[in-house]
């Protein structure tokens, strides 16, 4: 991986019919929400020249179907960890058959996946425990926030200095 490779953000879908965003730096790839079919996600990644084997994690913002529709099939086909809050995971398990051992519960602080540093933060939405994420790679920062009812001071602080 080249340190000079850019931080890339690709939106595969956004809206009430499904949400899925790809964040990539070099060979490090994460997905934020998987609210479209597994086939559409795989094909969207292929168009970006990304193999599913490169996906190091799926970050789920909340449990609404337009954010998790592809999760069950993705987890059947691929061994990818799912990062979300415990409350969100409980709600997902009420809707889908998903392996409990795939959850990595998000707590305060950040985590590193390859060359990406991901920092989750709480947002306002009518869901169990919704999150947005900041993704850092070198001097670049991307902020992904969906379905927030209120733009709080916390969210404004989180999006400060966002470059993508």
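The values are calculated or read from the model by the stated rules, or taken from the named source; none is laboratory data. Computed from a predicted structure; not experimentally measured. Cβ: placed from backbone, ideal geometry, glycine included. Neighbour counts: every protein chain shown.
The table below lists the values:
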{"quantity": "Number of positions in region 99-119 that are surrounded by 12 or more Cβ atoms within 10 Å (Cβ to Cβ) and at positive phi", "calculated": "1"}
{"quantity": "Among residues of region 131-164, those that are closer than 18 Å to residue 92 by Cβ and touching a helix residue (DSSP H, G or I) at 6+ places or on another chain (Cβ under 7 Å), counted", "calculated": "1"}
{"quantity": "Among residues of region 43-79, those that are crowded, with 19+ Cβ neighbours inside 10 Å and in contact with a helix residue (DSSP H, G or I) (Cβ under 8 Å, 6 or more places away or on another chain), counted", "calculated": "12"}
{"quantity": "Failed criterion for residue 108 (all others in (1) in a helix (DSSP H, G or I); (2) within 19 Å of residue 121 (Cβ to Cβ); (3) more than 15 Å from the chain's Cα centre (by Cα) hold)", "calculated": "(1)"}
{"quantity": "Helices (runs of 4 or more DSSP H) within region 1-93 that include 3 or more residues without any contact (Cβ under 8 Å) to a residue 12 or more places away in the chain", "calculated": "38-47"}
{"quantity": "Subset of region 146-163 [within 19 Å of the chain's Cα centre (by Cα), modelled with pLDDT of 75 or more and over 12 Å from residue 119 (Cα atoms)]", "calculated": "146, 147, 148"}
